[in-house]
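Before any comments, here is the structure.
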Amino acid sequence: MNKILKLISSVFIALLATLSISKAEVKVVASIKPIHSLVSYVMDGVGKPDVIVDGYNSPHGFSLKPSHAKMIENADLIIWVGEDLEAFLEKPLNTIAKKAVNIEIMDLSGIKKLKFREKNIFEGHDDHGHGHKEKKHDDHGHGHKEKKHDDNGHKKAKHDDHGHEGHAHGEHDPHVWLDPMNAKVIVKEIENQLVKLDPDNSSKYKANSKKAQSELDNLTKNIKSDLKGNLRFVVFHDAYQYFENRFGIKVLGALTVNPDVLPGAEQLSEIREVIEHEKVNCLFSEPQFNPAIIKSIAKDTKIKTGVLDPLGATLDKGKNMYSELLQSMYASFKGC
């Protein structure tokens with residue numbers, strides 16, 4: 001009898017272990033904190049995603065650590081913006097992330113995309129002698145590459161033979177998350193993929209997604225109703241046109257189009273001229289980059305300065321971080 005009881009007990013324990021494995025939490029990795037926040041909202045009450053680019057780091061020029069590689073290798077779902085923002089992920093997604101579904105946000109249907117602004121002075125100020133062209137796209141601009149499809153219909157990045165140091169950017173600005181209507185598209189895709197990967201928790205994912213999209217609508221409405229006035233700004237790098245476009249903010253120029261390339265003397269001269277002649281309210285720096293140039297220009301022109309952060313370096317990770325990020329940007333523009 002004891003042997004039978006032991007056998008039954010062993011079988012029961014084995015079944016519990018199997019059930020535990022089958023119910024294992026879906027492992028999700030997001031490239032940057034704003035995307036991680038949207039994933040966290042959809043996964044709330046089910047699990048917690050990981051994030052790669054954290055703290056004061058920037059995806060521009062970022063290098064993976066061994067811990068990141070392990071994270072990617074173990075992932076079931078990886079969500080990134082695209083190769084123009086996170087070039088460091090192109091190779092690992094093809095070589096390490098063997099089992100993961102790969103969501104490339106720039107390729108999602110429904111994402112509103114804006115083209116790169118090729119000059120650091122916006123709004124047609126060439127008649128003032130402004131305007132300085134950045135390098136033109138080469139024929140292998142990343143926005144035009146074809147991609148291989150995996151069985152889930154999501155795209156795996158295909159490599160070019162060239163390296164990525166100084167590589168040409170694609171056609172569209174990758175800072176798409178700064179438009180909350182794009183965030184709604186991202187949330188819906190996260191929901192769709194999580195439901196496929198973890199159908200047992202589908203009702204929770206769907207409810208969280210619906211709530212997140214409703215909150216994004218309310219957030220958009222609240223910011224739109226309060227951001228009024230003929231305010232003019234200059235920013236450190238051209239990362240904000242999705243926010244500008246959604247909320248009617250007027251940014252006249254940026255110190256640089258590409259944050260990896262410091263502005264030259266001609267660009268700095270143009271920015272100083274814009275500040276002096278266009279009644280610019282404020283000049284913004286970013287916490288991920290050295291503010292020395294901003295301080296120098298501010299000292300010369302006596303302009304007020306502020307801080308804008310498209311990644312939320314100082315904000316705590318989690319489902320509320322995205323909303324806090326947009327509210328923080330709104331407060332920076334309004335208060336400057």
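The values are calculated or read from the model by the stated rules, or taken from the named source; none is laboratory data. Values in this document were obtained by computation on a predicted structure and should not be read as measured data. Positions of Cβ are generated from backbone atoms using ideal geometry, with glycine treated the same way; all protein chains shown enter the neighbour counts.
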>> Yes or no: the range 231-244 includes at least one residue that is among the hydroxyl-bearing types (Ser, Thr, Tyr), at pLDDT 90 or above and under 24 Å from Val81 (Cα atoms).
In response: yes
> Counting only residues that are modelled with pLDDT under 90 and in contact with a strand residue (DSSP E or B) (Cβ under 6 Å, 6 or more places away or on another chain), which one in the range 251-260 is farthest from Glu273 (Cα to Cα)?
Replying inline: Pro259
> Which residue out of Ile293, Ile275, Ile303 is under 15 Å from Arg232 (Cβ atoms), in a helix (DSSP H, G or I) and in the same structural domain as Asn230 (by TED's automatic domain parsing)?
Replying inline: Ile275
>> Tally up the residues in the range 196-227 that are farther than 19 Å from Trp177 by Cβ, in contact (Cβ under 8 Å) with a residue 40 or more places away in the chain, assigned to a helix (DSSP H, G or I) and in the same structural domain as Tyr41 (by TED's automatic domain parsing), please.
In response: 6
>> Among the residues in the range 62-84, are any surrounded by fewer than 19 Cβ atoms within 10 Å (Cβ to Cβ), in the same structural domain as Asn208 (by TED's automatic domain parsing) and in contact with an Asp or Glu (Cβ under 8 Å, 6 or more places away or on another chain)?
In response: yes
> Got a sec? Which of Asp44, Asp76 is out of contact with any Leu (no Cβ under 9 Å at 6 or more places or on another chain) and either closer than 25 Å to Val195 by Cα or at pLDDT below 95 (or both)?
Replying inline: Asp44
